[in-house]
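Single-structure report; data block below.
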Amino acid sequence: MESAETPFRPSSEELPAEQLVMLRKKESLELSRRRVMRELEDSQNPRYRGLMQKALADLNAQLVRLEQGHARMMTA
């Protein structure tokens, strides 16, 4: 089921090193985001939920910055 959600990923020979690093960073952030969301859904403790909400906001911000950097790199 997880593989159905995974977009096509070109091989490392097809991508410049910078794009490959960015792709791996994005995948790592998305994996962390899914884990935090799962923990947020399962948690009943208000303090822990608050911590997970902050972590989720931080991961979302990192993904936005990464996408903006990717967009700048593609137009340069």
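Some observations on this one:
- Taken over segment 1-26, residues that are closer than 30 Å to residue 75 by Cα, of a type in the set (D, E, K, R) and either exposed (fewer than 13 other Cβ atoms within 10 Å of the Cβ) or modelled with pLDDT under 75 (or both) amount to 6.
- Just so you know, in segment 31-60 the residues that are under 10 Å from the mean Cα position of the chain (by Cα) and exposed (fewer than 15 other Cβ atoms within 10 Å of the Cβ) include one that is nearest to residue 16 (Cα to Cα), and it is 31.
- Residue 70 meets the conditions (1) assigned to a helix (DSSP H, G or I); (2) modelled with pLDDT of 95 or more; (3) not aliphatic (A, V, I, L, M) in every case but one. The failed one is (2).
- Scanning segment 61-76 for residues that are in contact (Cβ under 8 Å) with a residue 40 or more places away in the chain, under 15 Å from residue 16 (Cα atoms) and either among the hydrophobic types (A, V, I, L, M, F, W, C) or exposed (fewer than 11 other Cβ atoms within 10 Å of the Cβ) (or both) gives a single hit, 73.
The values are calculated or read from the model by the stated rules, or taken from the named source; none is laboratory data. Quick caveat, the model's predicted, so the values are computed rather than measured. Don't worry about glycine lacking a Cβ; one is built from the backbone with ideal geometry, like all the others, and counts go over all protein chains shown.
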